[in-house]
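Undergrad: Handing you a structure now.
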């Protein structure tokens with residue numbers, strides 16, 4: 001019980017944004033217009049994230065929203081960063097959580113040949129400006145010849 005007192009932002013976030021109308025409003029405020037135009041925001045379903053990573057739940061609020069993009073299922077994973085400073089390894093954490101989501105999906109739907117697309121979102125509200133790169137390839141030494149071997153994604157912030 002004591003632990004919950006130290007996480008008022010987390011508790012508030014979970015109480016509010018696990019409601020589908022509030023989750024829809026959150027997406028409307030954070031996603032780019034060109035992405036919003038593709039999504040079916042009427043079909044939003046908030047998913048349980050405890051299966052992704054229990055340690056994550058201890059450190060961050062997160063939200064997993066299932067919807068569709070032109071009839072194709074898509075997941076929107078929102079990591080709420082409550083640190084007072086930008087964390088250089090946030091994109092690495094996001095990739096780990098994305099992989100855990102896909103692992104869970106594979107174990108539940110092993111015969112499917114595709115994975116659900118994930119739109120990662122960082123909802124940062126620290127006091128310092130976020131000046132860290134928002135492309136995963138920034139973790140690697142730039143080398144054009146190796147570029148095809150490096151995973152890449154750009155979260156929404």
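The values are calculated or read from the model by the stated rules, or taken from the named source; none is laboratory data. Keep in mind it's a predicted model, so treat the numbers as computed, not measured. Glycine also receives a Cβ, built like all others from the backbone with ideal geometry; neighbour counts cover every protein chain displayed.
Undergrad: Within the stretch 117-156, count every residue that is surrounded by 13 or more Cβ atoms within 10 Å (Cβ to Cβ) and modelled with pLDDT under 85.
TA: Total meeting the criteria: 3.
Undergrad: Let me ask you something else. Can you tell me how many residues within the stretch 11-57 are modelled with pLDDT under 70 and touching a helix residue (DSSP H, G or I) at 6+ places or on another chain (Cβ under 8 Å)?
TA: Within the stretch 11-57, residues that are modelled with pLDDT under 70 and touching a helix residue (DSSP H, G or I) at 6+ places or on another chain (Cβ under 8 Å) number 6.
Undergrad: Quick one: in the stretch 139-156, of everything that is in contact with a helix residue (DSSP H, G or I) (Cβ under 8 Å, 6 or more places away or on another chain) and not in a loop (DSSP other than H, G, I, E, B), which residue is farthest from residue 123 (Cα to Cα)?
TA: Per the criteria, the residue is 147.
Undergrad: Can you confirm whether residue 106 is surrounded by fewer than 14 Cβ atoms within 10 Å (Cβ to Cβ), modelled with pLDDT of 85 or more and either within 18 Å of residue 86 (Cβ to Cβ) or touching a helix residue (DSSP H, G or I) at 6+ places or on another chain (Cβ under 7 Å) (or both)?
TA: no
Undergrad: Could you grab me the full set of residues in the stretch 129-138 that are part of a helix (DSSP H, G or I) and more than 12 Å from residue 95 (Cβ to Cβ)?
TA: 138
Undergrad: I'd like to know if the stretch 65-86 contains one or more residues that are at pLDDT 85 or above, farther than 30 Å from residue 140 by Cβ and out of contact with any strand residue (DSSP E or B) (no Cβ under 8 Å at 6 or more places or on another chain).
TA: no
Undergrad: Looking only at the stretch 106-128, which residues are under 12 Å from residue 77 (Cβ atoms) and either part of a strand (DSSP E or B) or without any contact (Cβ under 8 Å) to a residue 40 or more places away in the chain (or both)?
TA: Matches in the stretch 106-128: 117, 118, 119, 120, 121, 122, 123.
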